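Working notes for the structure below.
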Amino acid sequence: MGPAETQWAALVAHPSMPADAVRGVEAHVAAGIPGTIVFRYVLRAEMLRVLVPTLDPAGRADGLWKHTCFEGFVAAVGAAGYYELNFSPSRRWAVYHFNAHREGMSSPEVETPPEISVRRFDDRLEMDATVRLHDLSALRTARSLRLALSAVVEEENGTLSYWALKHAPGKPDFHHPDGFVLELAT
């Protein structure tokens with residue numbers, strides 16, 4: 001592992017939303033080719049019991065968190081604003097910018113959509129998403145980023161479980177500043 005990547009980290013389920021079919025979720029982030037960030041997720045589960053959105057043409061979509069999806073929250077070190085990145089196994093994606101914790105939300109224009117690749121096995125789902133920093137204007141000149149990684153998993157009975165590196169007290173809130181526990185040099 002170099003200075004421009006994180007170690008693989010286990011996400012933990014929110015205690016109020018336990019999962020039955022899921023054994024775990026792991027995530028890793030790396031600075032890819034210059035100006036990119038690569039998010040990698042592995043969902044380990046009884047995949048026949050997990051609802052995974054079917055592959056669609058890649059494109060922007062809202063509400064991805066209502067079903068199985070992976071998320072990354074990214075801020076420049078020292079900045080109050082941050083980006084929320086949603087990646088669905090369907091290859092749909094979303095990018096939002098917030099000026100502060102859940103304040104001032106906007107949907108920035110994205111010149112180059114995230115590249116999402118998905119691999120499904122009987123015991124796991126793997127997904128990689130590559131994001132270009134030039135589309136995230138508040139991060140273009142950042143030398144170091146703070147990250148929060150999370151996932152939402154929908155089981156066959158419709159139950160949702162919420163996974164994060166660290167959960168803030170109370171109900172699930174992936175946006176909470178306490179969840180930004182990783183740092184990545186760019």
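If you go through the stretch 60-83 one residue at a time, do you hit one that is in contact with a helix residue (DSSP H, G or I) (Cβ under 9 Å, 6 or more places away or on another chain), surrounded by fewer than 17 Cβ atoms within 10 Å (Cβ to Cβ), in contact (Cβ under 8 Å) with a residue 40 or more places away in the chain and small (Gly, Ala, Ser)?
yes
Condition first: modelled with pLDDT of 90 or more, assigned to a strand (DSSP E or B) and out of contact with any Phe, Trp or Tyr (no Cβ under 6 Å at 6 or more places or on another chain). Now tell me which residues in the stretch 1-35 satisfy that.
Listed by number, the residues that qualify are Ala9, Ala10, Val12, Val22, Arg23, Gly24, Ala30.
What number of residues in the stretch 132-146 are crowded, with 16+ Cβ neighbours inside 10 Å and either of a type in the set (D, E, K, R) or at pLDDT 95 or above (or both)?
We begin by selecting, within the stretch 132-146, every residue crowded, with 16+ Cβ neighbours inside 10 Å; these are 132-133, 135-136, 138-139, 142, 145-146.
This time we only want the ones that are either of a type in the set (D, E, K, R) or at pLDDT 95 or above (or both), so: 132, 135, 146.
Adding up the residues that qualify gives 3.
Just one of Gly104, Gly158 is farther than 26 Å from Leu55 by Cα and of a type in the set (Gly, Ala, Ser); which is it? Spell out how you get there, then give the answer.
Numbers: Gly158 fails: farther than 26 Å from Leu55 by Cα.
Among Gly104, Gly158, only Gly104 is farther than 26 Å from Leu55 by Cα and of a type in the set (Gly, Ala, Ser).
What strands (runs of 3 or more DSSP E), lying completely within the stretch 88-186, carry at least 2 residues that are charged (D, E, K, R) and either farther than 20 Å from Phe70 by Cβ or more than 14 Å from the chain's Cα centre (by Cα) (or both)?
Numbers: elements: 92-98, 115-120, 124-132, 144-155, 160-164, 182-185.
Passing ranges, in order: 115-120, 124-132, 144-155.
The values are calculated or read from the model by the stated rules, or taken from the named source; none is laboratory data. Here the structure is a predicted model, which is why all the values come from computation and not from measurement. A quick note on method: Cβ atoms are made from the backbone with ideal geometry, for glycine too, and the neighbour counts reach across all protein chains shown.
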